[in-house]
Amino acid sequence: MARLLAIDYGLRRTGIAITDELQLIASGLTTIASDTVIDFLQGYFAEEKVEKVIIGKPLQMNGQPSESTEIIEKFVLMFQKKFPAMPVVRADERFTSKMAFQTMIDSGLNKKQRRNKALVDEIAATIMLQGYMAAN
């Protein structure tokens, strides 16, 4: 079985999460600079079998697109152009960053560790991936 990969794309940083090969457990993989995502994924896809990519869909509370929607839509188009055979699923990413921050608090991380925005992005991608797995 192949892995599922989730992308929490942002203007500066992108959190990436991955499942195990049996698609039972979602784990944070890394956070990278957003301008290097395509190159990173090209290398990752060459090394690991990925069945599907889940990309966050930013929505407001009322279900309307958020301010960052345009940036993420451009990324999705670029991704699909570079990896046309890779299935892409869009997942609601509302509250993932807040949930990630709360997870850091619950895990006992101190204030300095919680300021690590890269870790927040990686945890947010993991939460989004767990939500997708639970719903499917």
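Read the figures in this text as sums done on the coordinates, not as results from a lab. Please read these numbers as outputs of a predicted model, since none were measured by experiment. When we count neighbours, we look across all protein chains shown, and the Cβ atoms used for this are built from the backbone with ideal geometry, even at glycine.
Based only on other Cβ atoms within 10 Å, what is the fewest-to-most ordering of Thr69, Thr36, Thr31?
Starting with the residue having the fewest Cβ neighbours, the order is Thr36, Thr69, Thr31.
Can you put Leu5, Leu129, Leu11 in order of Cβ neighbours within 10 angstrom, beginning with the fewest?
Least crowded to most crowded, the residues run Leu11, Leu5, Leu129.
If neighbour count is taken as other Cβ atoms inside 10 Å, put Asp121, Asp39, Asp92 in order from fewest to most.
Fewest to most other Cβ atoms nearby, the residues stand as Asp39, Asp92, Asp121.
Counting other C-beta atoms within 10 Å, and keeping those with at most 16, which DSSP coil GluC sites (Glu not before Pro) do you find in segment 2-51? It would help to have the intermediate numbers written out before the result.
Numbers: sites: Glu21, Glu47, Glu48, Glu51; in loops: Glu21, Glu48.
The qualifying sites are Glu21, Glu48.
Obtain the nm distance between the two label points defined at Ile38 and Ala2 by a simple spin-label model: each point lies 7 Å from its Cα along the Cα-to-C-beta direction.
2.0
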